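In what follows, a single structure is set out as structure tokens and then discussed.
Computed from the coordinates by the stated procedures, all read-outs in this text should not be read as laboratory data. Quick caveat: nothing in here was measured; it's all calculated off a predicted structure. Counting neighbours? That spans all protein chains shown, and the Cβs are built from the backbone with ideal geometry, glycine included.
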Amino acid sequence: DTEVTQTPKHLVMGMTNKKSLKCEQHMGHRAMYWYKQKAKKPPELMFVYSYEKLSINESVPSRFSPECPNSSLLNLHLHALQPEDSALYLCASSQEVMGRQPQHFGDGTRLSIL
Amino acid sequence: GDSVTQMEGPVTLSEEAFLTINCTYTATGYPSLFWYVQYPGEGLQLLLKATKADDKGSNKGFEATYRKETTSFHLEKGSVQVSDSAVYFCALSMNTGFQKLVFGTGTRLLVSP
């Protein structure tokens, strides 16, 4: 069983909708990540939070808006998405952003944009 | 920049066959190395890791040894099962600075009964 929980598992939305993806971990990790994964490709990093502050934004379009309300929760707010944004969105966490500890992934949210 | 190269897939094996998935890396320093597995419809699971040269990571019958001289971290299993069918990603992260994961392209393994 994964220790990083993501909801919902599946999401279908129109291009004008606003929705949010949620991620939760209770491992006491202080670093949390959002990734985007297209079919048959490795995950691509989108955002990194360290101690609840945004550390890295990999030039992600503003229609994706991350939020870290506390050390256990990570949200990704979606607005005015495009069909090419359809993908599997993965959340991950690690002890710290520095060092040798591995990242632990959730099962992802499969997003389809109509 | 840092990079990971994996063998092209799919790798197709019969049950109980020996598995090797090759992984080599390029890095300016001394990275930590990981194998992640992704089963159909799921996220990535950490399979094993090694943080320094000559370390051997092992889990669920899978093994990989960190070889600095050949910059490799090949994944092996002595006897695969149908349930091992999945996509396997080799990845590295540097031990200093921000721990960004650099992934290989992934290798799909198909095991038939």
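On the beta carbon distance between B:K56 and A:S20, with R0 = 45 Å, the FRET formula returns roughly 0.60.
Among A:45-56, A:10-21, the peptide with the highest mean count of other Cβ atoms within 10 Å heads the list, and the full ranking is A:45-56, A:10-21.
Shielding by partners for peptide A:30-39, expressed as the average number of C-beta atoms from other protein chains within 10 Å of each residue's C-beta, is 1.
Across peptide B:35-42, the average count of Cβ atoms from other chains found within 10 Å of a residue's Cβ is 3. Restricting the calculation to Cα atoms, chain B yields a radius of gyration followed by a Dmax of 13.6, 45 Å.
Peptide B:99-111 is shielded by partner chain Cβ atoms: per residue, an average of 4 of them sit within 10 Å of its Cβ.
With R₀ fixed at 25 Å, the C-beta to C-beta distance from B:R67 to B:L110 puts the FRET efficiency at about 0.40.
Modelled this way, with points 7 Å down the Cα-to-C-beta line, the labels at A:S86 and A:E44 are 1.6 nm from one another. The alpha carbons of chain A stretch over 39, 27, 22 Å along the principal axes, in descending order. A cysteine counts as unpartnered when no other cysteine's C-beta lies under 4.7 Å of its own; in the protein assembly as shown this applies to A:C68. Taking 0.36 nm per residue of separation and subtracting the Cα-Cα distance, full extension of the segment from A:M98 to A:H77 would add 4.9 nm. For B:K77, what is the net charge nearby, where nearby means another residue's Cβ is under 11 Å from its Cβ and Lys, Arg count +1, Asp, Glu -1? With Lys, Arg at +1 and Asp, Glu at -1, the neighbours total -3.
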